[in-house]
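The values are calculated or read from the model by the stated rules, or taken from the named source; none is laboratory data. For clarity, every value in this text was computed on a predicted model and none was experimentally measured. Please note: Cβ atoms are built from the backbone with ideal geometry, for glycine as well, and neighbour counts cover all protein chains shown.
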Amino acid sequence: MSVISDVKYFLEKLLPLVEEKKRTAWLEQVAVWRDASIASQCPAAKMHPRDIIGAVCDMTDKETIYVTDVGQHQMWAAQFIKHRNTKAFLTSGGLGTMGFGYGAAIGAQVGCPDKRVIHFTGDASFHMNLNEACTAVSEELPIITVIMNNHVLGMVYQWQSSFYDRRYSATVPQRKTDFVKLAEGFGAKSFRAETPEEFKEAFAAALQEKGPVWIECIIDQEEKVLPMIPNGGTVEDIILN
C-alpha cells in the first residue's frame, strides 16, 4: 500500500493519531551522560571548545546563524550551542565533507544579510576551502570564522588514539600555517586566542567589523568529542571518558 500526498497535509492528518510517549527515564539517562561528558579530557589546557562556543552564544542573539565544517568542532557545536532557532544551524551531517563550512557560511550571509553568521571550523577542515576568503572579502561579508586549531585532523586522530593504539596515519600533518598572517594577506581581519579571556576580547572586536574576521583558537590535540559510540557498537558500548 502506498500514500501519495503533500507531506505537510499528510503529517497534519497523521500526527493527531500518534500517541505521545514521554520517555522520561531515557531523557534522564541522556542528561546524566551529558553532564558526564562536559568535563574536559585535558584539564590543564588553557581553553576548551565549550568555552569558545559558550562565549559565542553569550555574545550573540537567538537569530544568529551557525555554520560548521566537518570534524570534532562540528560535534562540539551540536553539543554546546545554546540557541535552538529553526533553520539556524547549517551542517552537512554525517555524509558531509571537510571544507563545506565557508561556502555555506557565505551562502547564509548573502541569503540573510541582516543576520549574524558564525562559521565554526577546525584547522584541517578550513585548509580545504579557505580560498573562499577572497569571495568573503570582495563582497564585504561580515562572517566570523572561529578556527579550533589543535594542529591535527581531530576526529580521525581521536579514533586512532582510542581504537588503534595511537598508530597515527595522515592525521598529524605538522602544518605551520599562520592563520593570522594568511587572513591579512586575503584582506580579512584576524585574531589569535589562547585563553577564554583572549577569545572574548577578540570576538567582541570581531562583532564590530564590517567584513570577514578569522579567530584562531588554540586547543589541545587530546581534547575529545564525548560521549561517543564505537563503530559497530550500540548505546550499551557508549564511551563517556
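List of remarks:
- All conditions in (1) over 16 Å from residue 224 (Cβ atoms); (2) hydrophobic (A, V, I, L, M, F, W, C); (3) at pLDDT 95 or above hold for residue 95, with the sole exception of (3).
- Residues that are more than 30 Å from residue 221 (Cα to Cα), part of a loop (DSSP other than H, G, I, E, B) and among the hydrophobic types (A, V, I, L, M, F, W, C), drawn from the range 1-41: 1, 3, 4, 18
- Failed item, numbered, when residue 204 is tested on (1) small (Gly, Ala, Ser); (2) under 25 Å from residue 133 (Cβ atoms); (3) assigned to a loop (DSSP other than H, G, I, E, B): (3)
- Index of the failed condition, residue 192 passing every other in (1) in a loop (DSSP other than H, G, I, E, B); (2) basic (Lys, Arg); (3) modelled with pLDDT of 95 or more; (4) surrounded by 16 or more Cβ atoms within 10 Å (Cβ to Cβ): (1)
- Counting only helices (runs of 4 or more DSSP H) wholly contained in the range 79-147, the ones carrying 3 or more residues that are closer than 16 Å to residue 206 by Cα and touching a residue at least 24 places away in the same chain (Cβ under 8 Å) occupy 133-138.
- Scanning the range 105-134 for residues that are over 13 Å from the mean Cα position of the chain (by Cα), under 23 Å from residue 208 (Cα atoms) and either surrounded by 17 or more Cβ atoms within 10 Å (Cβ to Cβ) or among the hydrophobic types (A, V, I, L, M, F, W, C) (or both) yields 106, 108, 109, 110, 112, 116, 130, 132, 133, 134.
- Matching residues, the range 61-84, being farther than 25 Å from residue 124 by Cβ and surrounded by 14 or more Cβ atoms within 10 Å (Cβ to Cβ): 83
- Residue 56 being within 18 Å of residue 213 (Cβ to Cβ), in a helix (DSSP H, G or I) and within 12 Å of the chain's Cα centre (by Cα): yes
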